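Engineer: Quick one: the structure is below, questions incoming.
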Amino acid sequence: MLQVEHLTKVYENGTVALEDVSFTVPDGQFLAIIGLSGSGKSTLLRCINRLIEPTEGRILWNGEDITAASQEDLRRFRRRVGMVFQHFNLVHRSKVLTNVLAGRLGYTNPAMALFNRFSKEDVAGALAQLERVGLREKAFARADELSGGQQQRVGIARALMQDPEMILADEPVASLDPVLAHSIMRYLEAINEEDGVTVLCSLHFLDLVHRYSDRAIALKEGKLVFDGLPSEIDDEKFKEIYGQEAERVG
Amino acid sequence: MADIRERTETDQPAAGHDGGGEPSTAGRRRRRPFLIAVGIVVAVVVYALAFEHTQVDLTQISSETRRASLERILRALAHPDLVTYDTREETIEVEIAIPCGPEVTPHPDLVIEPSCGDPGESVTITGTGFEPREFVELRFVPDTEFDITLRLASVNADSDGRFQVDVVLPDRPSERAQTIRAVTQEPIGTWRNRVEVFTDANENGVEDDPILGEDGLHIFEVAGRVDVPAVALINPAGETTDFVTAGESFEAVSGVARGQVAIPITEERPDTGLRITGIEASGGNLSVTIEGPPGFDMSNWRAAAYDGVTGEPAGTTFISDTIRLSPRISETARITFDKILETVFLALVATTAGLLVAVPLSFIAARNIMRDISVTVTNLVLILIAVPVGAALGVLASRAARDLVAPFSDDALALVGVLVVAVALAYGIARMALPTVEDHVPTRAERVRRAVLLVVAGALALVGLLVLALLFQSAGTAARSVLGWFGFVGSFVADLGEIFDVAFVLIAALAGAGVLAQLASKLGYAIRRRTPRSVVGVLDVVMGAAAGALWAVLVGQVIDWFYRIDEFRTVVLIPAVVGAVVGVLVALRGMQRGEVRIGLSIYYAARTVFNTLRSIEPLVMAIVFVVWVGAGPFAGSLALALHTAAALAKLYSEQVESISPGPIEAVRATGANRLQTIIYSVVPQIVPPYISFTMYRWDINVRMSTILGFVGGGGIGSILQQNINLLNYRAAAVQMLAIAIVVATMDWASSRLRERYV
């Protein structure tokens, strides 16, 4: 279970990205995070695995305080939390396989990195994950030779390599066309349903929220303005979240 | 343009400062012509000053004499001294009477008009049938018994092989007919048909074959009869390759100077196979027997005789005559080739050395890597104390290790044994200490065991490095004498050994500092976790004072070394107090903020050092290094390497700063630590720009090394400068040509390689 308590993030330039955000995610839930660009969705996701240090508040994972964790504890927490990014964030010049194996770094000894070595099991595992996302034959291609949708599948395989209990997906389909978006979302859905992995996913399109998520929370200017079922987002709620001038497109 | 401006101003009157905006822009518009005028005046004055100071003088450009010198230089440059022809003198003589009287026979190709005259009178000499544009010297051969000639004129024939010149008859009246001689120099041979030219180098009037015969024996005479003779063989490069002294009972002792002879023998003598085997007195000379491999070319070899007791030189002679081909590649071209090779290798060594230093340093000069590194005050002060102490311990340990290994240093077998054992143990222990997969949280006992094992493995690896250094040194030295022509590979291995030796101490110091710093930071975490805040605060301040004092005293020692103050109060006491105060202040300030962003401090320090080093031209650095290690390419490569390291570190670090942050974020999110993050997300992104910048730098270094020789830094610059100073522009032209070719080739090659790999 993930508990976010009174989370606040103020950037060095004074921007308040998150203000007193609290919510709880039970294990196995598919949680959609919605809100305008700049409403703090990315900051929230990055605060959870402390890619961004929160200014105030606590984040508890199965009762353990992540915000107070030492570097070593943080490493152990992060390796169980996969992350998927809007721009895929693959290392372009590396092989697809290496990119997927990077998901294993939290488990491997740092000294092995000097020799660029992974165990046989890890390599086999990486190939299996690539198989799962249908990219087994691309394992030895360079990451930048792949299309956007394929790159995001590699990103998912990398997250799966971590053997995750939770996946943080930061607008995983915002850079993809609608058809691809659904295919990527279906992978996340499968991971959520088959493996019981908790998924926190920020999304732009409400129809994706309706279709894939169990629950939605909405951020507006860093504040939590909605927490409930996707079906509860009616026109009034929508205008509250996205502003008066907004129109629904999907 | 003005239109648009008007509109924007009237469109948004409210956006500006209603009342204030209008007049201020209007005022600016009114002042504008004035400002422009002032700008023009200032520019004129500045450029006038610049002209004054750069001594711009256009009359020099158009002056006749200057133009003539320029033409001479440009023509010389257009005729680089690449090929040497031996020449044959050809003469045509014609009789002349001074004054008129004696009968003279005319010559059809050299006509004097009139054919006689008084001294001081002018006659016209017309030559025909010469080579087109041939250089002809006209000489007067007076009627004396001495072999002298007087130069009358020199002239170039026209394209038909004709010339006409007026000369003044010299004041050498005679009753007999005298002679005017036209001398031309005929080049011997052509490239298609090269000719062997014989030179009686040893001046014995006999044609000796410089190629050793079947028996490999050659006997020749050296001038200079001394009681106890000593003879040295000197190769064409001027190095003494063999030296023999004949004592009371003659004994050939190759290469060993006996008695009190003090003759410089080149320390590393090229082994040519030519040896002195006998010295005998023969009349007023010494008859020397030498032996060498059949077919050996003794051209340009010399022998020098000395007094075997006092070392006084008695005479030098060529061993044999020389036979050369004409035309042939000139000596200048040969030297230039050697030197340009030296230049390219100098640049290579400098680039490689700079690269090795710059790659690790580039990371600490990259803002995006260093930005997030911060430590607590407790850790900072503990680490600050631990680093110098650890480094000192490391140096001490390295000395101890050296003493330990010293007894085996001559026993190659033992060294190999120690090396194998040390490396195998280090590897095994490291594997034991570092599990490939971290599947559980290690207990404290496990952590301690791992740390101890790692330190042991590290120490063993260091011992391995030391043994390797010793092995390389002895093996290299041994190989040098065995390998013959490839002896330089042996020297290289020996040099590598020496580099390892130096690196060993450095690495030991770094390792000591690293281990202790790691311990200190663990200690720091423990202290912060277990002790109440107030106690931590007091500890921070006290240790901050200690750390500040320690570092200030270290800096004081450096200052003392530079200025030789040598006064306890100034170099120890005062710095200690000042440092302690600064330390306390830093600790207090750090406590307010919680953490100290040490990464940024290191980043700024590294940047400052790189920028300072980079701003000093390698030419200036070379001057310092020439003083330190002596003139030559080594000094040049050191200077260039230092500059390259700073420049590359800066260029590299900018590349690190400009990489895409996404992959870094993604890899960090997987739980990777800093090292893993750098290797898996930073390194793949920076490899192409690193290659590109290294090539670019190597290109710059080749260009730079061509002029390092101007200050004694080796490379082609030294002979270029010599030739310019000697006004030997044809030789200088060869060197300039070589530089142009090499730089252009490098430029082309590096751009091609960059295209391919980036």
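Laboratory data are not the source of any read-out in this text; all were calculated from the coordinates shown. The structure displayed is predicted, hence computed values, not measured ones. Reconstructed Cβ throughout: ideal geometry from the backbone, glycine too, with neighbour counts over all protein chains shown.
Engineer: Find, among the GluC sites (Glu not before Pro) in the stretch A:1-42, those assigned to loop by DSSP (not H, G, I, E, B) with at most 14 other beta-carbon atoms within 10 angstrom. Intermediate results must be reported in sequence, preceding the final value.
Structural biologist: On the way: sites: A:5, A:12, A:19; in loops: A:12.
Taking the stretch A:1-42 and a limit of 14 other Cβ atoms within 10 Å, the loop GluC sites (Glu not before Pro) found are A:12.
Engineer: Turning to a different aspect of this structure: Once each part is reduced to its C-alpha centroid, what is the distance from the stretch A:208-250 to the stretch B:486-550 in angstrom?
Structural biologist: Cα centroid of the stretch A:208-250 versus Cα centroid of the stretch B:486-550: 55 Å apart.
Engineer: Run through the stretch B:83-147 and list the chymotrypsin sites (Phe, Trp or Tyr not before Pro) located in a DSSP loop whose Cβ has at most 16 other Cβ atoms within 10 Å. Write down the numbers at each step before the final one.
Structural biologist: Values: sites: B:85, B:130, B:135, B:140, B:146; in loops: B:85, B:130, B:146.
In loop regions of the stretch B:83-147 (DSSP not H, G, I, E or B), the sparsely surrounded chymotrypsin sites (Phe, Trp or Tyr not before Pro) are B:146.
Engineer: Suppose the Debye formula is applied to equal point scatterers at every Cα of the stretch B:632-727; what is log10 I(q)/I(0) at q = 0.25 Å⁻¹?
Structural biologist: -1.15
Engineer: Please compute, for peptide B:677-690, the average count of beta-carbon atoms on other protein chains lying within 10 Å of each residue's beta-carbon.
Structural biologist: On the way: counts 4, 1, 8, 9, 7, 1, 5, 9, 4, 1, 1, 1, 0, 0.
Neighbouring Cβ atoms belonging to other protein chains average 4 per residue here.
Engineer: Are there cysteines in the protein assembly as shown with no other Cys C-beta under 4.7 Å, and if so, which?
Structural biologist: A:47, A:201
Engineer: State the Kirkwood hydrodynamic radius of chain B in Å, one decimal place, computed from all pairs of distinct Cα atoms. Walk me through the numbers before you get to the answer.
Structural biologist: Working: mean 1/r = 0.0282 Å⁻¹.
Averaging 1/r across every pair of different Cα atoms and inverting gives 35.4 Å.
Engineer: Based on DSSP loop calls and a cut-off of at most 15 other Cβ atoms within 10 Å, the longest stretch of chain A free of exposed chymotrypsin sites (Phe, Trp or Tyr not before Pro) is what? Before the final figure, lay out each step's value.
Structural biologist: Details: sites that count: A:11, A:115, A:140.
Of all site-free stretches, the longest is A:141-250.
Engineer: On the Cα set of the stretch B:87-187, report Rg and Dmax in Å, please.
Structural biologist: 13.1, 39
Engineer: In which sequence would B:425, B:415 go, from the one with the fewest C-beta neighbours within 10 Å to the one with the most?
Structural biologist: Details: B:425 16, B:415 21.
Placing the least packed residue first, the sequence is B:425, B:415.
Engineer: Still on this structure, please answer the following. GNM on chain A, C-alpha springs below 10 Å: top fluctuator among A:174, A:216, A:157?
Structural biologist: Of the options given, A:174 has the highest mean-square fluctuation.
Engineer: When a/c reaches 1.5 or more, the comparison of a/b and b/c decides; with that in mind, is the stretch B:375-530 rounded, prolate or oblate per its Cα gyration tensor?
Structural biologist: Values: a/c = 3.11, a/b = 2.01, b/c = 1.54.
Prolate shape, in that a/c is at least 1.5 and a/b is the bigger ratio.
Engineer: Next question, about the same structure. What pairs in A:9/A:237; A:95/B:650; A:41/A:237 have C-alpha atoms more than 23 Å from each other? Let's see the in-between values first.
Structural biologist: Details: A:9/A:237 25 Å; A:95/B:650 29 Å; A:41/A:237 18 Å.
From A:9/A:237; A:95/B:650; A:41/A:237, over 23 Å: A:9/A:237; A:95/B:650.
Engineer: Could I ask something else about it? To make sure I understand, if each residue's beta carbon is the centre and we count other beta carbons within 10 Å, what order do B:73, B:290 fall in, fewest to most? Kindly include the intermediate steps, with their values, before the conclusion.
Structural biologist: On the way: B:73 15, B:290 25.
The fewest-first ordering by Cβ neighbours comes to B:73, B:290.
Engineer: Now, a different point. From the P(r) of the stretch A:197-250, can you give the percent of Cα pairs sitting at distances over 19 Å? Let's see the in-between values first.
Structural biologist: On the way: 305 of 1431 pairs.
Within the stretch A:197-250, distances greater than 19 Å cover 21 percent of Cα pairs.
Engineer: Give the order of A:47, A:201 when sorted by the count of other beta carbons within 10 angstrom, beginning with the fewest. Show your work: numbers first, answer last.
Structural biologist: Working: A:47 25, A:201 28.
Lowest count first: A:47, A:201.
Engineer: Mind giving me the FRET efficiency for residue B:168 and residue B:710? R0 is 51 Å, r the Cβ-Cβ distance, nearest 0.05 is fine. Write out the running numbers ahead of the final one.
Structural biologist: Working: r = 46 Å, r/R0 = 0.91.
Once rounded, the FRET efficiency stands at 0.65.
Engineer: Under the √(5λ) rule applied to the eigenvalues of the Cα gyration tensor, what semi-axes describe the equivalent ellipsoid of the stretch A:89-162? Give them in Å, descending.
Structural biologist: Values: eigenvalues 75, 32, 21 Å².
Ellipsoid semi-axes (Å, largest first): 19, 13, 10.
Engineer: Another one. Give the residue list of GluC sites (Glu not before Pro) in the stretch A:193-250 that are DSSP loop and have at most 10 other beta-carbon atoms within 10 angstrom.
Structural biologist: Numbers: sites: A:193, A:194, A:221, A:232, A:236, A:240, A:245, A:247; in loops: A:221, A:245, A:247.
The qualifying sites are A:245, A:247.
Engineer: In percent, how large is the relative contact order of the stretch B:375-530, given Cα pairs closer than 8 Å and 6 or more residues apart?
Structural biologist: On the way: 177 pairs, mean separation 65.4, N = 156.
Relative contact order, the stretch B:375-530: 42 percent.
Engineer: For chain A, what does -39500 (n - 2.57) per DSSP helix run (n ≥ 4), summed and divided by total residues, give at 222 nm, in deg cm²/dmol to the nearest 500?
Structural biologist: Numbers: 9 runs with 85 residues, N = 250.
After summing the helix terms and dividing by the residues of chain A, the value is -10000 deg cm²/dmol.
Engineer: Taking the Cα centre of the protein assembly as shown as origin, sum charge times position over the Cβ atoms of Lys and Arg (+1) and Asp and Glu (-1), and report the length of that vector in debye to the nearest 20. Each step should come with its number before you reach the end.
Structural biologist: Details: 90 positive and 118 negative charges, 1266 e Å.
It works out to roughly 6080 debye.
Engineer: Would you calculate, for chain B, the mean residue ellipticity at 222 nm contributed by helices, counting each DSSP H stretch of 4 or more residues as -39,500 (n - 2.57) and dividing by all residues, to the nearest 500?
Structural biologist: Values: 20 runs with 423 residues, N = 758.
Per the formula, -19500 deg cm²/dmol.
Engineer: For Cα pairs less than 8 Å apart in space and 6+ apart in sequence, what is the mean separation divided by the residue count of the stretch A:1-111, i.e. the relative contact order in percent? Numbers along the way, then the final one.
Structural biologist: Numbers: 126 pairs, mean separation 26.8, N = 111.
For the stretch A:1-111, the relative contact order is 24 percent.
Engineer: Any idea what Rg and Dmax come out to for the stretch B:454-606 if you just take the C-alpha atoms, in Å?
Structural biologist: Answer for the stretch B:454-606, Rg first and Dmax second: 22.9, 73 Å.
Engineer: Under the √(5λ) rule applied to the eigenvalues of the Cα gyration tensor, what semi-axes describe the equivalent ellipsoid of the stretch A:108-209? Give them in Å, descending. Intermediate values should be presented prior to the final figure.
Structural biologist: On the way: eigenvalues 131, 54, 30 Å².
Equivalent-ellipsoid dimensions as semi-axes: 26, 16, 12 Å.
Engineer: Could I get the Rg over Rh figure for the stretch B:157-249? Both from C-alpha atoms, Rh via Kirkwood, rounded to two places.
Structural biologist: On the way: Rg = 24.5 Å, Rh = 20.4 Å.
Value, to two decimals: 1.20.
Engineer: Quick check: from the Cα gyration tensor, does the stretch B:19-95 come out rounded (a/c under 1.5), prolate or oblate? Provide the component values of the computation, followed by the final result.
Structural biologist: Details: a/c = 7.77, a/b = 4.22, b/c = 1.84.
Taking the square roots of the gyration eigenvalues as a ≥ b ≥ c, the stretch B:19-95 is prolate.
Engineer: For residue A:246 and residue A:119, FRET efficiency with R0 = 45 Å and r from the beta-carbon atoms, rounded to 0.05? Working shown, then result.
Structural biologist: Details: r = 50 Å, r/R0 = 1.12.
Calculated value: 0.35.
Engineer: Given R₀ = 45 Å, what would the calculated FRET efficiency be for residue B:175 paired with residue B:726, taking r from the Cβ atoms and rounding to 0.05?
Structural biologist: Values: r = 47 Å, r/R0 = 1.05.
My answer for the efficiency is 0.45.
Engineer: Could you work out the mean projected area of the convex hull around the alpha carbons of the protein assembly as shown, in square nanometres to one decimal? The partial results should precede the final answer.
Structural biologist: On the way: hull surface 273.9 nm².
Average projection, Cα convex hull of the protein assembly as shown: 68.5 nm².
Engineer: Find how much the distance from residue B:113 to residue B:159 grows on full extension, using 0.36 nm per residue of separation minus their present alpha carbon separation; answer in nm with one decimal.
Structural biologist: On the way: separation 46, 0.36 × 46 = 16.56 nm, distance 2.23 nm.
Stretched out fully, the residue B:113 to residue B:159 stretch lengthens by 14.3 nm.
Engineer: Taking 8 Å as the Cα distance limit and 6 or more residues as the minimum spacing, I'd like the relative contact order of chain B as a percentage. Intermediate values should be presented prior to the final figure.
Structural biologist: Working: 1209 pairs, mean separation 96.2, N = 758.
Averaging sequence separation for qualifying contacts and normalising by length gives 13 percent for chain B.
Engineer: Binned at 10 Å from 0, what are the whole-percent values of the Cα-Cα distance distribution for the stretch B:705-758, short to long?
Structural biologist: Values per bin, smallest distances first: 25, 39, 22, 12, 2.
Engineer: Strictly greater than 14 Å: what percent of every Cα pair in the stretch B:335-424 meets that? Don't jump to the answer; show the numbers that get you there.
Structural biologist: Working: 3300 of 4005 pairs.
Summing the P(r) of the stretch B:335-424 above 14 Å gives 82 percent of all pairs.
Engineer: Continuing with the same structure: Give me the extension gain from residue A:177 to residue A:145: residue separation times 0.36 nm, minus the current Cα-Cα distance, reported in nm with one decimal. It would help to have the intermediate numbers written out before the result.
Structural biologist: Working: separation 32, 0.36 × 32 = 11.52 nm, distance 1.83 nm.
Stretched out fully, the residue A:177 to residue A:145 stretch lengthens by 9.7 nm.
Engineer: With both partners inside chain A, how many of the DSSP beta bridges are antiparallel, as a percent to the nearest 5? Write out the running numbers ahead of the final one.
Structural biologist: On the way: 19 of 36 bridges.
Around 55 percent of the beta bridges assigned by DSSP in chain A are antiparallel ones.
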